[in-house]
Structure formats: structure tokens, C-alpha cells
1. With the structure loaded, tell me whether ILE126 is free of Cβ contacts under 8 Å to residues at least 24 places away in the same chain and not polar (S, T, N, Q) or whether it fails that test.
2. Take the residues in the range 231-276 that are acidic (Asp, Glu), in a loop (DSSP other than H, G, I, E, B) and more than 17 Å from ARG182 (Cα to Cα), then tell me which one is most open to solvent (accessible area, probe 1.4 Å).
3. What number of residues within the range 158-182 are closer than 18 Å to ILE247 by Cα and open to solvent by 10 Å² or more (accessible area, probe 1.4 Å)?
4. Looking at the range 287-328, which of the residues that are part of a strand (DSSP E or B) and among the aliphatic types (A, V, I, L, M) is nearest to LYS249 (Cα to Cα)?
5. So GLY61 ticks every box in (1) under 21 Å from LYS10 (Cα atoms); (2) modelled with pLDDT of 95 or more; (3) under 25 Å from the mean Cα position of the chain (by Cα) but one. Which box is left unticked?
6. I'm trying to understand the selection: among the residues of the range 64-86, which are at pLDDT below 85 and not in a helix (DSSP H, G or I)?
7. In the range 247-266, which residue that is out of contact with any strand residue (DSSP E or B) (no Cβ under 6 Å at 6 or more places or on another chain) and of a type in the set (Ser, Thr, Tyr) is farthest from LEU289 (Cα to Cα)?
8. Could you check how many residues of the range 128-172 are part of a loop (DSSP other than H, G, I, E, B), in contact with a Lys or Arg (Cβ under 6 Å, 6 or more places away or on another chain) and within 14 Å of TYR114 (Cβ to Cβ)?
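The values are calculated or read from the model by the stated rules, or taken from the named source; none is laboratory data. Since we're looking at a predicted model, the values are computed, not measured. Here Cβ is always computed from backbone atoms with ideal geometry, including for glycine, and neighbour counts include all displayed protein chains. Side chains included, ligands, DNA and RNA excluded: accessible areas come from the protein's heavy atoms. Shrake-Rupley method; radii C 1.70, N 1.55, O 1.52, S 1.80 Å.
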Amino acid sequence: SINNYKNKIKTVKTLTIPGTVAIIGNDVFNGCDKLTSITFEPSPTGEALTIGYNTDGTDEGLFVDCPLQTVNLNRQLEYAMTDEDFDEDLLPFAGKSLGDGVTLGEQVHTLLPYMFYKSGITSLKIPATVKEIKDNAFYECTTLASVRFEASNEPLIIGFQPGSNERGPFFQSPLTNIYVNRELVASEAYATARNQWDEGIFSTSFYDDDDPKVTVTLQGNVKTISDYMFAGVQMETIWIPREVETICKGAFYYCSRLYGMTLAHSGTYPDLIEDDTTSDGGGAFKWTLLNDPDLNSNERWIALEDGSHENVQKLQHTSNWSYYAYIIQAQKK
């Protein structure tokens, strides 16, 4: 524990927490109004570091008085508060202006609930060693513009914002750049609750024509584009890697600017799963420009990287893709 050293660190600007520290107690950083950078070193045993909070009148996060801008997190954290005492304002990085100053190390396996609540974070790389993002991890991160999921063969479990209006973890984040190179899987509760209304993994403010244009990059570790994964995201074009086997219901629902798609496949194409169980249900591309029969082929396009006549014919006879094969033929792709 570093409880006994709290009076010695009030004037420091940068601080390194050794990996041998097991507990940071309550109020340790109370009044540390010069601390802008903190590094958590890896634990030699791999154990998590238990983090307290401020109990001195304000009941706020451990670093409430610290103008943190840089966090190098190289070990897993645990919260000291019990479920009964849990409050997002008690969490360590709540309200900090972190910008692009967050680095996650190999011992970080779980991003905890509300971990970056109102953190002012602008961009984040999520390494392959992260296995789970808990509910509300990015709640009210209204400056988060870029997120990158690094390559991994293992899925990443994604939580959401539960309640009367369930929402995806990036709701109200002004995302403009999304890079995905691993499977993203909804937690059990999220998979059960979500639908097309703001609840996709990358849903932002939804139905807002002023939403920024988003660049989405998918790579070969993505095998499934899950239910409502990009619902409401304002991308204009998308490249689908040949490794994608399934495009699930509502995957691009109300991506109202989506007019162009390239399939890297040849011969075997992903399933486009229809959802006809509700009046608002539909295929993966419902309410996109791709699915608008009133537009001509100059205004929307779907292309095969190998656009030979043979591959177009195969696509035309694949379940749920005959309509899109027609678009490709019309463009002589």
C-alpha cells in the first residue's frame, strides 16, 4: 500500500507506481494538483492493483484533484468500492482530459465499468490482450473520435449501457475512424437486449444528419459482422474482407450515407441474414443507399475485387445476394 506516502507526492508532476504495489488506498492523491502523468508498472506476479477513491467530502475519483493528461496503464485494475457504493464519479479517470494519452499494456485484460467516464479521451488503441470491455466503459466520452482494435484471433466481449434505453458503448462519441482486426462479440446481456435503436456496438447519436463521416476499416480477423454492429454509423463506403463469413441482421442498418461496398470474396459469399420478425426489421443493409432501388448505378455500387462474369454469376445464385449481383452486373463490374 502507498497510504503512508500520500503527503510526499503532493508536489510531483509525474509518478510511477511500481508493480509490487497491491493497493492504493482512499484519498492518497487528495490535493495533488500538479500530477499530470502517471505510469502503472506491470506486476511481477500478474496480480491486479486495487484502486481506492476520495472520501474527503467530495466522494470523487482518486485523482479528482490531479490534472492528469497521460496514463500508462500496464497492469489490471480493480475497484475498491463495493457494488452498493459504486458511483461513476468515484472512478479513477473520471473527468480527466486524457486526449490521446492513454496506453494499455499487456496485463490489462478488462476495461472496467465507467473506466473512462467523461475522460476527454480522443483516441485509443485496444491491444489484443484486452479480452472484455465492461458496461459503460466509454460512457459520455464525447470527444472520442478514433478507436483501433488491434489484431487478435480471440474475440473481444463488448458490454453496453444498460437501463431503460440500452445503448452501445460508443453512444454519443463523435467517432470518425474505426479500425477492427478481431471478432467483437456482445456480452450475453447485450446480445439479448440490443436492437436497431442506438444499440449497435458503434452507434453514435443515430438518425442525425449532422453526424461526422466515419471511415471504417475491417481486417482479416473479422469473421462476423454482428447484429446491428454498425447501425447508424455514417460511413460512405466499406470494404469487406474475404474472411467475413456472415453479415448479420441490421449490421449496417440506417447507415444512411452508405453507397459503396467492395467484396474481397470470390466463389463463396457471406450470408446476408434477414430479420422479418418486426415491422422495423430488415436485411443487413436496410435504410442504406445500397438498398435504395430509386437510385441508379452511378449513385450506388457494389463491386467484387475479382469482378469476372463467373464470380458475378456465382454471387447471383448465392442466398440473399441476387439483388446485389444485379447491381454489379448493371455496372459491368
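1. Numbers: free of Cβ contacts under 8 Å to residues at least 24 places away in the same chain: no; not polar (S, T, N, Q): yes.
No: the conditions fail for ILE126.
2. Initial filter on the range 231-276 (acidic (Asp, Glu)): 236, 243, 245, 271, 274-276.
Subsequent filtering for residues that are in a loop (DSSP other than H, G, I, E, B) retains 236, 243, 245, 274-276.
Now drop any that are not more than 17 Å from ARG182 (Cα to Cα), which leaves 236, 274-276.
Numbers: GLU236: 61, GLU274: 86, ASP275: 13, ASP276: 127 Å².
Top of the filtered list is ASP276.
3. Here the count works out to 2.
4. Filtering the range 287-328 for residues part of a strand (DSSP E or B) gives 301-304.
Still in the list and also among the aliphatic types (A, V, I, L, M): 302-304.
Working: ILE302: 19, ALA303: 21, LEU304: 21 Å.
Here the residue is ILE302.
5. Among (1) under 21 Å from LYS10 (Cα atoms); (2) modelled with pLDDT of 95 or more; (3) under 25 Å from the mean Cα position of the chain (by Cα), the lone unmet condition for GLY61 is (2).
6. Pass one, the range 64-86, residues at pLDDT below 85: 81-86.
Hits for the range 64-86 are MET81, THR82, PHE86.
7. Among them, the one singled out is SER266.
8. Residues that pass the stated criteria total 2.
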